[in-house]
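The values are calculated or read from the model by the stated rules, or taken from the named source; none is laboratory data. Everything numeric in this text was worked out from a predicted model, so none of it was measured. Glycine also receives a Cβ, built like all others from the backbone with ideal geometry; neighbour counts cover every protein chain displayed. Protein only, heavy atoms only, side chains kept; ligands, DNA and RNA dropped before computing areas. Shrake-Rupley method; radii C 1.70, N 1.55, O 1.52, S 1.80 Å.
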Amino acid sequence: MADSGVTDGPGKKGEIERVKNEGKELSKEEKQRLRKEKKQQKKSKEKKDDKESEKEKKPGGSTATVPQAQPSTQKAPPAVPAPVSNSVPASEVAVATEKPTKSKAELKAERRARQDAERATKQTKKGEPGQQGATGKPKAPPSELLPVVKRLSEHVQVDDPDVLKKLAKKLERQQIPLRSDYGYKVSLFSHLHQYSRKAPPTQQLSIPSTVIHPAIVRLGLQYSQGIVAGSNARSVALLHAFKQVIRDYTTPPNEELSRDLVNKLKPYISFLNQCRPLSASMGNAIKYIKKEISNIPSQCKEEEAKNKLLTSIEWYIKEKIILAATAIAHSSIEKISDGDVILVYGCSSLVNHILCEAYDKQRKFRVIVVDSRPRLEGREALRRLVQKGISCTYVLISAVSYILPEVSKVFLGAHALLANGYVMSRVGTSQIALVAKAFNVPVLVCCETYKFCERVQTDSFVSNELDDPDDLIVTRKGKTQLAGWQQVASLGLLNLVYDVTPPDFVDLVITDLGMIPCTSVPVVLRVKNVDQ
Amino acid sequence: MELQAVLMAAGGGSRMTDLTYNTPKAMLPVGNKPLIWYPLNLLERVGFEEVIIITTKEVQKMMSMDPKIKVDVKMKLDVVCIQEDGDMGTADALRHIQQKIKTDILVVSCDLITDVALHEVVDLFRAHNATLAMLMSKAHEFTETVPGQKGKKKTAEQRDFVGVDQSGQRLLFMANEADLEDGLSLRKSVIRKHPRMHIRTGLVDAHLYCLKKAVVDFLSENKSISSIRGELLPYLVRKQFSKTANYEKIKDDCEDQTQKKSSTDDEVVISSRDESLLQRAQELSCWNDHRGDMSEAYHGGKLRCYVHIMEQGLCCRVNTLAAYIEANRLAPKLFEEPAVHPSSVISERCQMGSDSIIGALCQVADKTSIKRSTIGNSTTVKEKVKIANSIIMHGVAIEEGCNIQGSVICSNAVIGRGADLKYCLVGSGQWIEPEELAVCVCIYMCVCVSH
């Protein structure tokens, strides 16, 4: 039962609680199925345990209740942060993936062992972990229609040396240089990467880069230096680079394009991840391309296959980004009435597009652009709107509560929309939404469907991005106060990039499928999955 | 393939004829390695596997015989020979090898000794999709007395004026003092786009350029440009701000004959496939390289020139005698090699300073003192010789009791017993009479001075 990561032993209670937390209902058939699977697992565990007992160093009893693989239990990562939400699955870092069920049970056992000091030394029974582990721990694995083994991605486990070792090994195999973290990390965020812009990812790459396609190296540099920033821009640039890669690709002899090209793309994606963590939109674009590549029939000739892929990429951009923007603009313009005062935050390409379109359609409104350090992206939004002819006001985020009485609507862009309805966007967005809610100003989030993500988050700590802390340093009148921040032991600089806004603060999400409430995001996701 | 390396080694060394009348500049020994070895080593360290070397037949012959190059350099060297008469400029040479060039190129000069992190220059070229990215360094004053010159005669070096923008990376203006008649004039279009410009004069051009392939194609159409540094670079820097630079945007999508026509009108055509997609990504991105005005990133210009200015580190161009001496002192510090070659025989009673290096197969006798000097391969130094601040090339024989200070002795020379040379330059194969005293003299062409 290698695929039933879900049903590795949680009792009925745990199952229901878990499911409740996800807002789904378990049918009777599902419950029965789960029961059956549990029984089958117990049997398979017995078999595996017998095998393991031979390898076991510990002299423990080799009877029916064979010990769990103690070494792997000890290796399993220590306290996963408590506020992790439901469907963040149990991490199985150091445990072999052929025994997912076992690992989940081991983790539960370990957790109990920590609670119960005596049990930590004894061998735990197979059946017990299942029933007693489900003491409402919020770390139950996700239950979807198809039980899928989900792993915590390595980029939120940076403080775990085993994960880092694994990553280093993987990068070494793919011949990509490992980018080292920089500076002191604030303890709450020590599980995230923090890179410095002064140490570019190309430092250890050979100059006529042979391992990585030049278009990808260029793209990675542009990401890490911030030249291509913004969810849509990054996706479009990524697809452009992939088009170059596909154009220059030749199938090696005795290989199939559908398999080889996907393998060729993997190191590129690792490299881009090293330059800057991938965004949700980029992740979806990559999934799409990989699917398209694997769907190429084997008898297709190379030229034809490449042309097919190039057209499908062009189709994706046209439909998911360009036409989606047009559709969203069309819907949003209905929401903009004459005399409106619209508040925007930062620079969202979609919101700028909407406002420019509305201006073209002769709507009379004015815009208040809210900006924040250190990125000061609002200046770019301001430039584009003023160039169009829209009358704008510019404030910093600290003045938001002062100008909100004037505002009639708030338009926000999104980096990603999470499966529980939370909006992940530039840091500061949740503040704006909060204050707007306090003033009863409607908040409208504009987001294309290709940015919808199956992740679930309820806070901004678990998964985020740390930008270069030196960006926070500013020189005024010749003095740089924070220049020596690394020498001060108790000082840490934190430059967060994203935050999540709860759906209670968002009144409407405008997507290319229409205007939906925030809580309907999982529906859209499900529909998308069924489609594909 | 991303970049092709082109090494220009056909230069004659016109500013140090004393050294180069016998040995071509590319093969002059610096720190007991031929000068051309340094840029080759730089390229090899960074990861190049092939280099196109443009040079003369003589240099090619010497390179094939030189042990250092044959053994140390693992890259594939594609040597292209050109005539030695010196009429061919660097741009002419690029035109000559146009058939071999398939991608963007990295042009290096053979007389560059540097420890720059090359990725800094190439990253500018990649990240900003630049047409030109070059390397410059802060110039250092040469403090050593130059042999053969009486007194510190400073030749009136023509200054280079280099204008960069606020970030110090974008190249806005480049002119040599010789080209400016009575003043430095800046175009209004430049100042309108970049109101803050830093103009620097104390910079040394390292002659390391990353150029787009379109530039090479442009060169093949415009046969009037013959030097990269003298003509092509100022042209590219000026063209960044010309009105037609914005014209390119309109013609972008069509990759047909109309663009070829415009290229003959002195246009460097920069376009790539899927240009519209790249343009769209730039429009969607919330980044701008400047602020304060209403224009988009890069002011909508397609042609961009960037420069990386090295503030620290070694970057030295060996094109004058003073630079040659400086290089001999600094170059050995770049590499962790033993000061004394293992095959040399040095007697115990020889006082060798830590700054000196001794080449292969040398023989140094007792009671000698060697300070801050470079001694080449197969040199014999007899007893009671004092060598200070000097450069001795290969195959030199120095008899007993000589005193050599601040001098340069070229290969295969013989210094007679008891000779006293201060700040002299002894040419190749010369023979200095015993008991000779010479101060600040260039000795070549069989000129002997006896006292």
>> Before I look further, what does chain B give for accessible area per residue, probe 1.4 Å, in whole square angstrom?
In response: 46 Å²
>> If you take every residue apart from B:Leu7 with its C-beta less than 12 Å away from the C-beta of B:Leu7, what net charge results, scoring Lys and Arg +1 and Asp and Glu -1?
In response: -4
>> Per residue, how much accessible surface does the range A:338-531 expose to a 1.4 Å probe? Answer in Å², no decimals.
In response: 42 Å²
>> I need the calculated FRET efficiency for the pair B:Asp217 and A:Ile473, taking r as the beta carbon distance and R₀ as 45 Å, to the nearest 0.05.
In response: 0.55
> By how many nm would the segment from A:Leu396 to A:Ala327 lengthen if fully extended, with 0.36 nm per residue of separation less the alpha-carbon distance?
Replying inline: 21.8 nm
> In nm, to one decimal, how far is the B:Cys81 label point from the B:Glu58 one, both placed 7 Å along Cα→Cβ?
Replying inline: 1.3 nm
> Using a 1.4 Å probe on protein heavy atoms, which residues of the range A:193-228 have at least 40 Å² less accessible area in the complex than alone?
Replying inline: A:Ile207, A:Pro208, A:Pro214, A:Arg218, A:Leu221, A:Ile227
>> Given points 7 Å out from each Cα along the Cα-Cβ axis, report the A:Arg259 to B:Lys100 separation in nanometres with one decimal.
In response: 4.1 nm
> For the range B:41-79, which residues drop by 10 square angstrom or more in accessible area between the chain on its own and all protein chains together (1.4 Å probe)?
Replying inline: B:Val46, B:Gly47, B:Phe48, B:Glu49
> Roughly speaking, what is the stretch gain from B:Lys188 to B:Lys333, that is 0.36 nm per residue apart minus the C-alpha to C-alpha distance, in nm to one decimal?
Replying inline: 47.6 nm
> If only Cα atoms are counted, what is the Rg of chain B, and what is its Dmax, in Å?
Replying inline: 24.9, 80
> With all pairs of different alpha carbon atoms counted, what Kirkwood hydrodynamic radius in Å does the range A:239-278 show?
Replying inline: 11.0 Å
>> I'd like the residues of the range B:98-128 whose 1.4 Å-probe accessible area shrinks by no less than 20 Å² going from the isolated chain to the full set of protein chains.
In response: B:His119, B:Asp123, B:Arg126, B:Ala127
> FRET efficiency for A:Leu188 and A:Thr251, Cβ-Cβ distance as r, R0 = 56 Å, nearest 0.05?
Replying inline: 0.70
>> How compact is the range A:278-364 by the rule of thumb for globular proteins, expressed as Cα Rg over 2.2 N^0.38 Å?
In response: 1.54
>> Can you give me the % of accessible surface on the range A:338-531 that is carbon or sulfur? Probe 1.4 Å, all protein chains present, nothing else counted.
In response: 54 percent
> Under the classification rounded if a/c is under 1.5, otherwise prolate if a/b is larger than b/c and oblate if not, where does the range B:336-385 fall, given a ≥ b ≥ c as square roots of the Cα gyration tensor eigenvalues?
Replying inline: oblate
> For all pairs of alpha-carbon atoms in the range A:330-420, what percent lies in each bin of width 5 Å, listed from the first bin to the last filled one?
Replying inline: 3, 14, 27, 25, 18, 9, 3, 0
>> With the cut-off at 28 Å, tell me which of the pairs A:Lys165/A:Lys198; A:Lys43/A:Lys528; B:Lys25/B:Lys333; A:Lys28/A:Lys528 have Cα atoms farther apart than that.
In response: A:Lys43/A:Lys528
>> Tell me which DSSP H helices of chain B clear both cut-offs, 18 Å or more of axial length from alpha-carbon atoms and a mean Kyte-Doolittle hydropathy of at least -1.0.
In response: B:321-334
> How far apart, in nm, are the 7 Å Cα→Cβ label points at A:Lys39 and A:Lys528?
Replying inline: 4.0 nm
> Can you work out the FRET efficiency for the pair A:Glu30 and A:Ala483, with r the C-beta to C-beta distance and R0 = 56 Å, to the nearest 0.05?
Replying inline: 0.40
> What total accessible area, in Å², is buried where chains A and B meet, using a 1.4 Å probe and rounding to the nearest 100?
Replying inline: 3200 Å²
> Share of Cα-Cα pairs in the range A:470-512 beyond 17 Å, in percent?
Replying inline: 58 percent
>> Given axes a ≥ b ≥ c from the Cα gyration tensor, I'd like to know whether the range A:338-531 is rounded (a/c under 1.5), prolate (a/b larger than b/c) or oblate.
In response: oblate
